[in-house]
Every structure is written in C-alpha cells, then in structure tokens.
Amino acid sequence: MSQVLDTPPQTPAAPPASADHDLAALAARHGLSVSGARPSLPEYVRQLWARRHFITAFATAKLTAQYSQAKLGQVWQVMTPLLNAAVYYFIFGVLLGTKHGVPDYIPFLVTGVFIWTFTQSSIMAGTRAISGNLGLVRALHFPRAALPLSFCLQQLQQLLFSMGALVVILLCFGVPVGVSWLLALPALFLQFTFNAGVSMVMARMGAKTPDIAQLMPFVLRTWMYVSGVMWSIDKLAQKDSLPHVVTVALAANPAAVYIDLMRFALIDSFHASQLPAHVWALAAGWALVAGVGGFIYFWKAEETYGRG
Amino acid sequence: MAEHPSEKIPTVVADGVDIVYRVNGTGAGRGSATAALNRIVRRRQTEKAAGVRRVHAVKNVSFVAYRGEAIGLIGTNGSGKSTLLKAVAGLLPVENGRIYTDGQPSLLGVNAALMNDLTGERNVHLGGLAMGMSREQIRDRYQDIVDFSGINEKGDFITLPMRTYSSGMAARLRFSIAAAKDHDVLLIDEALATGDRSFQKRSEDRIRELRKHAGTVFLVSHNNKSIRDTCDRVLWLERGELLMDGPTEEVLKEYEAFTGDKSAKPKPKPKAPVPS
C-alpha cells in the first residue's frame, strides 16, 4: 500500500462515534447475520445441494473447454487415455516384460491405468481447486466445496470416456461380457466418494500452502508404483519374499482396492481369490472415512478460503 | 450520522473492520530461494522476518448502511475500496471486527466463472448458475441477457466461443450476465465503464433499475460524476481508513480539494479498466 500522496487533510472524519457493542447490538436487533461466517454443517450441505447444477455445469464446461482449441476436439477425450495405455503397455509389457504370469495382461494394465488416473487427477485437481481459482472464490459467493467436488466430477466424466475406450479394448482382447460388469458401478461410486474426500483435504491444504501442488506429483507417482497399476500385488504376495504386513498393507491401500475391484468386475480371468479379504468393506470404509472426514475437514476452514 | 432516524432499517453494519493481506515471498534482500529456506528452517520468527508481508488494507472502519441508500465509495487507488466491498460480500475474511449483513450481499461480477473457450450461450448458463440462479430463472432471462448485451446485433455471435469476441463485446456480455440477477444488497465495482457509449447508457439505466429492487447499493468508482448521479451518501477511504462519511456533495467537495484540480475541469477521464 504505497501511497505517494500527501498526508490526507485532517478533516473531522466522521466514523460513527458509537462504541463497538452498540453496532453489534444494532445488528442483533435487526437480525443481521455476520458476513462471511461459516454456516453450520447441515446448512452447508443444504447450500451445496442448492448449487448442484452449478457443480455439474462447471465440471462439464471445464471438460469441454479442455480440448476446444484442438483440431480433433472431443476425440482427444478418448485418444488421451488410449495413448496413455499404449505407452504403459510398451514400457511394462514389451520392454520390461512385467506381464509374465498375468493372464489378459493388456486389459489388466489398461484397467489399472484408467482407474489410477481417475484418483490421481482428482487429487491433483483438488489440490489446485482453491489456490488455482482464487479469482472465482473472491468474486462470487458459493459453498467452496463446490470447487473440489466439481473437479472430481469432471474427472469422473473423463473416466467415463476412458471406460468407453476400455470396453472396446476388452472386447478386442476377447474378454467376455458378464453380469459382473455391473459391479463396476458401485466400485466407481465408492472410488468417486474416496477421491472427492481426499481432494477436499488436499484443497484445504493447497489453499493454505500452494507449494503442496509442486510436491504432489512425486507423492502420487510413488503411490502409483506401490498400488499395483502395472503389476499384480497378488503375484507378489505369493512369492513370500516380502513380510506379510507389507503385502497386506499394499493390498489394502485404497488405490489398489479400487483398481482390483474394477479388474475383478470387468476381467473374467481376474478371480475373487486375487482380491484382499473383505474387499467391499475395505472399499466402502475408505470411501466413508475419506468422504465424510474430508468434507468436514474442508468445511472447518470454509471462511478462510480466498485469503492471501 | 445524526440524520438517520431510528426507524431506518440497517442492511449492512461494519463494526471496527480490519482487513489484512499476507503476501508470501517478499523476503527482504537477496535470493528469494535462500529466503524461503530460511523461512522454513526458522519457523519461530516474526512474520516480517519470515518474508511474509502484512498489507493492512482496511483499518478500523465502521459504518451503518440503511435500506434504500445508495452509497458511493471513493478514495485514491489502493485505498482499500474494493477490499472493503469484498469483505462486505463475505468474500474476504476480516482480521478484526465484524460485518453484519441482511441476507447475502452480492458483488456485481461473474468474470471469474466464465470460460473463454466456451460459447457465449453456455457462458450465460454457467455464469447464471455461478451467481446462484436456478435453471428456470436462467431460461426465463436468457433472451433478455442476450438482447441486453447486444452481442447478436452484428450476427449470430452468441454461439461462438467467447475468445473470438472483441474485448468490448466480452465485457458487455459479462456485464449483462452479472446484471441479470436481482440482489438485496448490491455491490458494484466500477462496472459502469464498459462497452461503447450506447451500451454505457443502457447499463446505467440497468443499474438504476437494480437499485430500485435492491435494498442497498454500494458503488466503487473513480468517476465523481457517476457517484453524484447515483449516490446520496459517500464513504471516503484513504490508506484504508475511513476519512469521511456523509452526504455526497459534502464529501466530494473535500475529496476534490484533496485530489487537486478535478472540480475545476470535469474533463472526461480515461476509462477505468474493466475489473477482471
């Protein structure tokens, strides 16, 4: 605030002479509410629900805007995940030969990559949800949780495009269509809840410390390599080379749980025996803990978003 | 303040408001990387030494705004006018003090919610939803918004992406979207100076219309003429402090004496930039 002007004239300024408690009493008498105060949790949920159309419209708008300058336009929605899968197949399937022992390796790999990408990009987008949209946060009034939710929804829409591509890949590699494909829906729902919860946690942290956005790619890449995206955790467990605790921890990590659930749902050669024990309880538990915990954690700082 | 009889209904009460920005990475002196490291290593030090600068943008401001008032906010650049407005809207947290409001005051502006890669049509919907309008309200007012913006006067531009618009056209569409909603307490930040002459006239009319519906209007402007035209009370902020609060003419006289020659020749000043 560098002011180059002379000291303002000492005119008899007229800040109301009334003491603080008088103004507070005046406000209370007329039933005014504190501006920018954090609403109660039920009220917050109600406000969020009232903005549901904004959340979906913002997600769709972001998704469409993403490729609107490209010549191929929305074709990239499908092309990008396919190219991703191709690169991973080339490196891990052809060059490193990780596929040994995994039947239907390409469907296995592509499912893993797509499902992982959903979690990864949701968390990345969540980290920047507040810090990258300060203009919006400072210009308009809406429950801030709309932003991380909207970004997760955008990633879900993106994933649905990828799933379309995945179905084609599955059919090309002779994976039969089965009733178990319906299990993909609850699995996706639980994963979305988990992602949304984690993104809200990251959104609050990223709003306070934007540096986290620089750090997250490394954290996420490490997480990817331990989540069995390109290799089978089950196969590793059978080798007995690792302590039991480690293999259980690997199999119970949320990313691995959601990836393996989707593989189980879609690929008939991926059997229930390859899933960790109580897999649905794990999936629901992670979703519940992250979803509810993340939402409350985010709401606790609602009134501070937009500062600095 | 004596002229407010007790039966007036307050809509906005600011009670000793302080607003402080904290800016990272202003570490004094040499290489900011080492300064940043310093900041992390020595956590327990004053914010100033840690390279965090505190900008005290608004200092101990108190006022009461009543229903039916149109209040101008004046002051030189960087005096905290827009900051105060944002705090009234509940968009910036206050450091000390409280702001009480009747309902949810809204800032006139949706720029940040709009996306250049989308068509004008979709931006109308998106902007409306971002302001909290329902889908039905947007459907009802869609044609009004488009007609008001005048985007389609030179062809079917509303179905083109906003990035293809000229800056004037984009500004007009943004204003039209922002002005489509009725507000209890309306906060306007130099929104009048957009578009060409005929559009400016139309937007001034629309502002007056909004004023009729809104309980209270706050207007931030550097254009003393538009303050005179629309406001009956003026708050003068200087360096974050409330210097004067009173009837428009009284305050503007002092303000013009303070800033210099403005009262002598009302030359058309350069247009204030569109707030982004």
Checklist outcome for this item: In whole angstrom, the spacing between the Cα centers of the range A:225-249 and the range B:99-166 equals 52
Checklist entry - What's the angle, to the nearest 10 degrees (0 to 90), between helix A:146-172's Cα axis and the longest principal axis of chain A? => result 20
Checklist entry - Just by accessible area at a 1.4 angstrom probe, what is the order of B:Met133, A:Met205 from largest to smallest? => result A:Met205, B:Met133
Checklist entry - So how much accessible area does B:Ser198 have, in Å² to the nearest 10, using a 1.4 Å probe? => result 70
Item to check | Built amide H within the under 5 Å cut-off of B:Glu241, gap 5+ | outcome: B:Lys59
Checklist entry - In degrees from 0 to 90, rounded to the nearest 10, what is the angle of the helix A:105-127 Cα long axis to the longest principal axis of chain A? => result 10
Checklist entry - With respect to the cross-link table entries B:Lys86/B:Lys181; B:Lys8/B:Lys212; A:Lys300/B:Lys181; B:Lys154/B:Lys225, which display a Cα-Cα separation exceeding 28 Å? => result A:Lys300/B:Lys181; B:Lys154/B:Lys225
Checklist entry - Quick one: helix A:75-88 against the long Cα principal axis of chain A, what's the angle to the nearest 10°, folded into 0 to 90? => result 60
Checklist entry - What figure in square angstrom, to the nearest 10, would you give for the accessible area of A:His244 with a 1.4 Å probe? => result 140
Next on the checklist: Using only protein heavy atoms and a 1.4 Å probe, how much accessible area in total is buried between A and B, to the nearest 100 Å²?
Outcome noted: 4700
Checklist entry - What order do B:Arg139, B:Arg122, A:Arg144 take when sorted by accessible area (1.4 Å probe), most exposed first? => result B:Arg139, B:Arg122, A:Arg144
Next on the checklist: Quick check on the protein assembly as shown: of the DSSP beta bridges with both residues there, what percent are antiparallel, nearest 5%?
Outcome noted: 60
Next on the checklist: Please list, in order along the range A:294-300, the HN-Hα scalar couplings obtained from phi with the Karplus expression 6.51 cos²θ - 1.76 cosθ + 1.60 (θ = phi - 60°), rounded to whole Hz, x for Gly and Pro.
Outcome noted: x, 5, 5, 4, 5, 4, 4
Next on the checklist: Can you compute 3J(HN,Hα) from phi for each residue in the range A:211-219, using the Karplus curve 6.51 cos²θ - 1.76 cosθ + 1.60 with θ = phi - 60°, rounded to whole Hz and x for Gly and Pro?
Outcome noted: 4, 4, 4, 6, 7, 4, x, 6, 4
Checklist entry - Ignoring any ligand, DNA or RNA, what whole percent of the accessible area of the range A:204-308 comes from carbon and sulfur when the probe is 1.4 angstrom? => result 69
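The values are calculated or read from the model by the stated rules, or taken from the named source; none is laboratory data. Note that this is a predicted model, so its numbers are computed, not measured. SASA here: full protein model, heavy atoms, side chains in, ligands and nucleic acids out. Shrake-Rupley method; radii C 1.70, N 1.55, O 1.52, S 1.80 Å.
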